[in-house]
Each structure stands twice: as C-alpha cells, then as structure tokens.
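Each remark here refers to the structure printed beneath this line.
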Amino acid sequence: MIKIARILPLLTLSVLTGCVVPTGPVEVTRFNRATEGVGYGTGRFAVALVGESVSDWSLAGSPYLAAVAREMQRIGYRENTENSDVIAEVRVGATVILPDRRPPVSVGVGGSTGGYGSGVGVSLGFNLGDGSAAQLQSSLAVRIVRRSDQLVIWEGTAVQAAKAGSPAAQPGIAASKLAEALFKDFPGVSGETIRIP
C-alpha cells in the first residue's frame, strides 16, 4: 500500500507531462512608438477581428481573439468593449506547405496590417495534401490602435509552422502559442525580429 501511495503522484505527473503539446519556435516581429513617448499597458481595450469578410471567419477567429484578450490583460490593459481607449485589431492566417515543395496553398482572404508593411490574411487552414509531411504555417498579426486619433501605437506579427493535422496545428493551441510569443516582453524592441522557442 505504501508503494502505491508513492507511485501514484509520479504516475499522475507523467500523465500530465504527456498532455503538453510540443510546438515549434515562433518568429516574431514588432514595431512600437515608445521612442515617441507613447505609453503602454494602461487603459481600457477592446479586441476585434478585422479584414475582409470578417463575418465569414468570426467563429474560426474566436481562439485568437480570446488569446489576444488574455495577453492584453496580462500586460496591464483592462477589457471594456463599450468604452475602450485602444482597440486590438486581430488578423489570423494559415498557409499549407505541401511536402512535394509546390508553392504554398493559402486558404482565406488577404489583407495588410497597415502602417508598418507586414501583411497576413484572415483565413482558415486545413490539410490539402496527404498529411505525411505537410506543414501548416499559422500567423497572428495584431495592431493596437488608439481610439481617440486612430493612431497605430503598436503592431506585431507572429508566425509558427507545425505538422498539418498535429495537435500543435489546432487553432486553440496555435492561438495561445502565437499570442504568448507576440506579447512576450511587451512592447519589445521596435523593428527587431526574434525567434521564441
């Protein structure tokens, strides 16, 4: 009986460890206006999925909106959709890279994130190949726009590749990983591209 009591916590820990989904590194590029005296991490925010045909993608964008809202709260903003000081505009995208090295297949509607020149599409990704080695490249782009004058005060893009059909390629897991990487050490060094494991 004593041996079972000692083994049970170890077995539980090994099962929980097995539930962690390995994900690949995330490439992040961010731009900010900190040198212009813009402050970050205070005030009220709202989150919005933006781009063409947003209504067609609202359900698929839900995990990304939730992940960005969590990160905005973590860095000090308070959520208030009715009376916000800033709006976090969210764009998501996915590109399937097939194993035979044909050009990537994108599913969705393209769009630019604006002032700093990065661009991603609002889209859904799914495996168009046989799945044996296809990669799903997921992307998340966020612009924080000051509501009073529509000035983009911060912008960032995060990109990650995972095997298509794997748990790491699922929207909920990808959304959390991309948002966490994007907002790591917020606001970040403007113009720098970093790789986050």
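The values are calculated or read from the model by the stated rules, or taken from the named source; none is laboratory data. Computed from a predicted model, the values in this text were never measured in an experiment. All Cβ positions, even for glycine, are placed from backbone atoms using ideal geometry, and neighbour counts span all protein chains on display.
Observations on the model:
- Among the candidates 109, 68, 120, 90, the residue that is at pLDDT 85 or above, touching a strand residue (DSSP E or B) at 6+ places or on another chain (Cβ under 9 Å), at negative phi and part of a strand (DSSP E or B) is uniquely 90.
- Subset tally (residues that are polar (S, T, N, Q) and touching a Gly at 6+ places or on another chain (Cβ under 7 Å)) for region 158-197: 1
- Residue match in region 130-139 (condition: at pLDDT 50 or above, in a strand (DSSP E or B) and within 14 Å of residue 179 (Cβ to Cβ)): yes
- Close pairs from region 25-51: first on the phi > 0 side of the Ramachandran plot, partner of a type in the set (Lys, Arg), Cβ under 7 Å, at least 6 apart: 51/91
- Cross-chain or 6+ apart pairs with Cβ under 8 Å, region 150-174 first and over 22 Å from residue 35 (Cβ atoms), then hydroxyl-bearing (Ser, Thr, Tyr) and assigned to a helix (DSSP H, G or I): 171/64
- All positions within region 151-197 that are surrounded by fewer than 22 Cβ atoms within 10 Å (Cβ to Cβ) and part of a helix (DSSP H, G or I): 167, 168, 171, 172, 173, 176, 180
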